[in-house]
Amino acid sequence: DAGVIQSPRHEVTEMGQEVTLRCKPISGHDYLFWYRQTMMRGLELLIYFNNNVPIDDSGMPEDRFSAKMPNASFSTLKIQPSEPRDSAVYFCASSPWTFRGETEAFFGQGTRLTVV
Amino acid sequence: AQSVTQPDIHITVSEGASLELRCNYSYGATPYLFWYVQSPGQGLQLLLKYFSGDTLVQGIKGFEAEFKRSQSSFNLRKPSVHWSDAAEYFCAVGTYRDDKIIFGKGTRLHILP
């Protein structure tokens, strides 16, 4: 398996523009996580899905952020409109379901977003 | 809700010296615990994990960690560090109640030649 694939690896956009980050999880994994990494706040969980259904989006910072998982092999994180403070590295991770909940997250390479 | 504290933002050790990175968690029941490593510009790689059983866990690259319930700690150790160990290390906690994994803010390890 190629692992978790994120695109693009780097994104530079102007303030006010819409940004869409993409993620392809590992095939067969039931969970998908979106994290944001900044120097100040470290690695924050934004939202996670189980079987394509959002389970907990309490980490999504504002209504400008939205995430979807239309099928088991694809998820998007959208920011509209983007602001400079959204600049960060966004990671997608996936994990398999196990009976006792012993999940382990496998991470993509991340998307470095810069909003100017 | 669960939380993780890594009290050291930066740690500097000499090559060949021993290493211990601290991690404390907060959770009302038995957690499952992870250590991940992040090299510059890379994603996170799992070093080791604890779910149950033996409280001393062996991982990749010569790392080990010990779960101490009484201290709510899961410290990472390595007897002799190599220059290639310079990276950022994250402790994380998950729970049986839900499957989200929460990370600490990380400890950046610097190695002196």
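One table, with the values for the structure above:
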read-out	value
Restricting segment B:55-99 to residues that are among the acidic types (Asp, Glu) and in contact (Cβ under 8 Å) with a residue 40 or more places away in the chain, the residue that is farthest from A:GLU104 (Cα to Cα)	B:ASP85
Any hit, segment A:28-50, residues being more than 25 Å from B:THR5 (Cβ to Cβ), at pLDDT 95 or above and small (Gly, Ala, Ser)	no
Qualifying positions in segment A:79-109 - surrounded by 15 or more Cβ atoms within 10 Å (Cβ to Cβ), farther than 30 Å from B:THR30 by Cα and either in contact with a helix residue (DSSP H, G or I) (Cβ under 6 Å, 6 or more places away or on another chain) or modelled with pLDDT of 95 or more (or both)	A:ILE79, A:SER82, A:ASP86, A:SER87, A:ALA88, A:VAL89
B:SER52 being without any contact (Cβ under 8 Å) to a residue 24 or more places away in the chain, over 26 Å from A:LEU113 (Cβ atoms) and more than 8 Å from chain A (Cβ to nearest Cβ)	yes
Subset of segment A:12-30 that is under 12 Å from the mean Cα position of the chain (by Cα) and over 15 Å from B:LEU44 (Cα atoms) - its residue that is surrounded by the fewest Cβ atoms within 10 Å (Cβ to Cβ)	A:THR20
Enumeration of residues in segment B:14-35 that are surrounded by 18 or more Cβ atoms within 10 Å (Cβ to Cβ) and either more than 19 Å from B:LYS105 (Cα to Cα) or touching a Cys at 6+ places or on another chain (Cβ under 8 Å) (or both)	B:LEU21, B:CYS23, B:TYR25, B:LEU33, B:PHE34, B:TRP35
Qualifying residues in segment B:32-50 (those that are closer than 20 Å to A:SER95 by Cα and more than 14 Å from the chain's Cα centre (by Cα)) - the one modelled with the lowest pLDDT	B:GLN42
Subset of segment B:103-113 (residues that are among the charged types (D, E, K, R) and part of a strand (DSSP E or B))	B:ARG108
Residues satisfying the stated conditions in segment B:57-91, i.e. more than 19 Å from B:ILE111 (Cβ to Cβ) and either among the polar types (S, T, N, Q) or surrounded by fewer than 11 Cβ atoms within 10 Å (Cβ to Cβ) (or both)	B:GLN58, B:ARG69, B:SER70, B:GLN71, B:SER72, B:SER73
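The values are calculated or read from the model by the stated rules, or taken from the named source; none is laboratory data. Just so it is clear, the model here is predicted, and its values are computed rather than measured. In this analysis, Cβ positions are derived from the backbone assuming ideal geometry, glycine residues included, and neighbour counts consider all displayed protein chains.
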